[in-house]
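Participant: Have a look at this one before I ask anything.
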Amino acid sequence: MGYKDPQYPVVNDAPSVDDCLSVVRLSDYFTVAGITAGSWSYGYITGKPYRYPTASTALTIGLTFAGMVVLQNTRSRLMGYKENAREVKLLGSLNVKGDKHRPGLEKDINWKNYN
């Protein structure tokens with residue numbers, strides 16, 4: 001992600017894990033399957049005396065890694081750092097005054113009401 005302004009409309013500027021999992025794409029499922037299968041294969045090939053226990057351990061590590069990659073990708077899409085046309089169409093975008101990617105709010109916030 002990095003420290004730059006979002007290049008796409010922001011759908012959710014602070015998404016939770018549930019928010020991220022609710023917008024998982026088919027490509028994300030293929031990412032999980034590919035990383036998990038690749039890690040199992042790597043564990044099987046390199047674990048000569050104990051192939052299946054090594055492959056199972058590598059599968060677990062690969063599945064954990066794949067889950068983190070998918071959450072990072074969906075979070076980036078929701079926060080506007082990656083292409084998110086599907087998410088904007090499904091959930092809409094936020095409107096924050098002064099943000100070039102989220103126009104719409106016309107009034108200033110009256111902070112006197114929050115004392």
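The values are calculated or read from the model by the stated rules, or taken from the named source; none is laboratory data. Quick caveat: nothing in here was measured; it's all calculated off a predicted structure. Positions of Cβ are generated from backbone atoms using ideal geometry, with glycine treated the same way; all protein chains shown enter the neighbour counts. Each accessible area value is taken on the protein alone, full model and side chains, heavy atoms only, with ligands, DNA and RNA left out. Shrake-Rupley method; radii C 1.70, N 1.55, O 1.52, S 1.80 Å.
Participant: Is it the case that Ala66 is modelled with pLDDT of 95 or more and in contact with a Phe, Trp or Tyr (Cβ under 9 Å, 6 or more places away or on another chain)?
Facilitator: So Ala66 fails the test.
Participant: Between residues in segment 2-23 that are in contact (Cβ under 8 Å) with a residue 24 or more places away in the chain and among the acidic types (Asp, Glu) and residues that are surrounded by 11 or more Cβ atoms within 10 Å (Cβ to Cβ) and outside any loop (DSSP other than H, G, I, E, B), which pairs lie under 8 Å by C-beta distance while being six or more apart or on different chains?
Facilitator: So the pair list comes out as Asp13/Met79; Asp19/Leu78.
Participant: Just the residues that are open to solvent by 60 Å² or more (accessible area, probe 1.4 Å), part of a helix (DSSP H, G or I) and aliphatic (A, V, I, L, M), please, taken from segment 9-58.
Facilitator: Answer for segment 9-58, where residues must be open to solvent by 60 Å² or more (accessible area, probe 1.4 Å), part of a helix (DSSP H, G or I) and aliphatic (A, V, I, L, M): Val17, Leu21, Leu26, Ile45.
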